Amino acid sequence: MKKIALLGSTGSIGTSTLQVVRQHPEKFQIVALSGGSNVRLLAEQIQEFHPLFVSVGSEAAAKELRSLLGDARQPEIGYGEEGLLQAAALPDANFVMTAVVGSVGIAPTLAAIEAGKTIGLANKETLVSAGHLVMKAARERGVAIIPVDSEHSAIFQCLAGERRQDLSRIIITASGGSFRNRSRSELENVTVAQALSHPNWSMGAKITIDSATMMNKGFEVIEAHWLFDLPYEQIDCVLHYESIVHSMVEYKDGAVKAQLGTPDMKVPILYALSYPGRLPLETERLDFSKQATLHFAPMDFDRYPLLSLAYACGKTGGTAPAVLNAANEIAVSRFLQGEITFLQIEQIVEQVCQLHESVAQPSLEEILECDQWARTQAAKFAAR
Ligand code: NAD
Ligand code: MG
């Protein structure tokens, strides 16, 4: 039985994870849930899954949740960073699904590793900001980190049964996001609603914007660097319109393995939960008699400058990726609030990264300091 602590249960990955759990009640049990401010949904999830522990974003949300649950059997309820850490290290859990958004995931991921839990990692910002610490902790504690991001799940699946020394490169596919059919000059006046309409995937707001700027692919390059212990020279990206080929691995004899499927996050979520085995899943199947053509095109680094910046920050290493991520978190949230334009996201992230002097081999404290510094700088640029 997998006893799961699900961090970020009210989000896109969180609710998809619960759909997967629902299909296999004999294999998976939810022992902890955590969400931010959507207490109504959290209350429904509690009534259905009966977790032992639940964490919410704030003390006020915890109070609201208690009153919503009323006389029903209540789980223990925590809140804030402390609550998230408690959910991550809950003794009753043996698997932690990290599906919160942003670098707020760093501390709970490290706490879960420290407590010896297997990690299903969706929260990519954690690996971007603190990859060296997370991977080192996992190695030392002998804990498996299983990717949930569809591209990394694909690569993980393509690597199964192969020898590491035979790998020549990985090829990460990118749909191009909401504005893939627009030139840069056509991005001047795009709206939040337009940016939020992704052609292939239904996801949380932040990652949908990151897909439109290609920052998401940049983060995935850095995520792959840490997960698969590969130099950036062996990580390539290619545009692929249909999001059917989730990513590929090329071997030294020229053979390429790919993992294909319909764009449904339940597939990589279930793979992380059932690894090294597989379980049945109710999901749309690929129909090759209908899906006759797959399109690929070279990645356009001029069209998507944040992808080039991500490679540069990844190669610099140290605190550079944490700064890249934190500046982006602020810029994206300002864009979503209608305070800056779409193209200002790129400008702000570039400006903050330019100001930063990377610290090599940073401690957790140094990473969090730089994260905070980058947020302050990004907020200043956004206010100009
Ligand atoms: P989302 O915005 O839909 O959900 C985020 C969840 O985190 C919610 O439950 C929210 O309440 C919670 N949360 C947010 N801020 C919090 C805080 N400060 N403290 C505690 N909880 C907080 O996001 P999502 O799209 O589900 O993405 C989650 C993570 O998975 C992200 O890192 C994203 O990059 C990654 N990911 C998502 C997808 C996808 O299809 N949605 C695919 C690949 C990777
Ligand atoms: Mg992805």
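Here, each number is a calculation from the coordinates, and none is a lab measurement. Everything numeric here is computed off the predicted structure, so don't read it as measured data. Please note: Cβ atoms are built from the backbone with ideal geometry, for glycine as well, and neighbour counts cover all protein chains shown.
Using the Karplus curve 6.51 cos²θ - 1.76 cosθ + 1.60 with θ = phi - 60°, what ³J(HN,Hα) values do you get for each residue of the range 192-200, in whole Hz, with x for Gly and Pro?
Values per residue, Gly and Pro as x: 4, 4, 5, 5, 7, 9, 7, x, 10 Hz.
Among 68, 32, 57, whose Cα sits farthest toward the positive end of the charge dipole of the range 2-147 (+1 at Cβ of Lys/Arg, -1 at Cβ of Asp/Glu, about the Cα centre)?
32
So how far, in whole Å, is the C-alpha centre of the range 25-102 from the one of the range 114-133?
Taking the Cα centre of the range 114-133 as reference, the centre of the range 25-102 is 20 Å away.
For every helix of n ≥ 4 consecutive DSSP H residues, a contribution of -39,500 (n - 2.57) applies; sum these over the chain, divide by its total residues, and give [θ] at 222 nm rounded to the nearest 500 deg cm²/dmol.
Value at 222 nm, helices only: -14500 deg cm²/dmol.
Kindly provide log₁₀ I(q)/I(0) values, in the same order as q = 0.20, 0.25 Å⁻¹, from the Debye equation applied to equal alpha-carbon scatterers of the range 317-384.
The computed values of log10 I(q)/I(0) come out as -0.68, -0.96.
Tell me which residues come under 5 Å, amide H to amide H, from residue 262 once H is placed; ignore anything under 5 positions away on its chain.
Here 286 satisfy the definition.
Can you list residues whose amide H is under 5 Å from residue 303's amide H, if they're 5+ apart or on another chain and H is modeled 1.01 Å from N?
HN-HN under 5 Å from residue 303: empty list.
Tell me the trypsin sites (Lys or Arg not before Pro) within the range 183-259 that lie in a loop according to DSSP and have at most 12 other beta-carbon atoms within 10 Å.
Hits after loop and neighbour filter: 252.
Can you grab the distance from the C-alpha centre of the range 3-17 to the C-alpha centre of the range 236-295, Å, no decimals?
Using only Cα atoms, the two centres lie 22 Å from each other.
Report the normalised scattering of the range 212-287 as log10 I(q)/I(0) at q = 0.23, 0.28 Å⁻¹, calculated by the Debye formula with identical scatterers on the alpha carbons.
-1.34, -1.37
Explain nothing, just the number: dipole magnitude of the chain about its Cα centre with +1 on each Lys and Arg Cβ and -1 on each Asp and Glu Cβ, in debye rounded to the nearest 20.
520
Mind ordering 374-383, 51-60 by average Cβ neighbours within 10 Å, highest first?
Descending mean neighbour count gives 51-60, 374-383.
Over the C-alpha atoms of the range 2-147, what are the Rg and the largest Cα-to-Cα span, Dmax, in Å?
When restricted to the Cα atoms of the range 2-147, Rg and Dmax are 14.2, 46 Å.
In the range 82-129, how does Rg compare with the Kirkwood Rh, expressed as the Rg/Rh ratio over alpha carbon atoms?
Rg/Rh for the range 82-129 comes to 0.92.
Which value, in Å³ per residue, describes the convex hull spanned by the Cα atoms of the chain?
Taking only Cα atoms, the chain has a hull volume of 143 Å³ per residue.
Taking Cα centroids, how far is the range 321-384 from the range 197-223 in Å?
17
Which chymotrypsin sites (Phe, Trp or Tyr not before Pro) does the range 275-355 hold that lie in a coil by DSSP with at most 11 other beta carbons within 10 Å?
Answer in residue order: 288.
Please work out, to two decimal places, the log10 of the ratio I(q)/I(0) at q = 0.19 Å⁻¹ from a Debye calculation in which every Cα of the range 137-273 carries one identical scatterer.
Once normalised to I(0) and log-transformed, intensities are -1.13.
Quick check for me: using +1 on Lys/Arg Cβ and -1 on Asp/Glu Cβ, what's the dipole size of the range 2-147 about its Cα centre, in debye to the nearest 20?
Computed about the Cα centre, the dipole is about 420 debye.
To the nearest whole percent, what portion of all C-alpha pairs in the range 252-311 is separated by more than 17 angstrom?
So the portion of pairs separated by more than 17 Å is 65 percent.
Can you pull the Kirkwood radius for the range 233-384, inverse mean 1/r over Cα pairs, to one decimal in Å?
Taking the inverse mean of 1/r over all distinct Cα pairs, the range 233-384 comes out at 18.6 Å.
So what is the relative contact order for the range 2-147, in percent, with contacts set as C-alpha pairs under 8 Å and at least six apart?
Across the range 2-147, relative contact order equals 23 percent.
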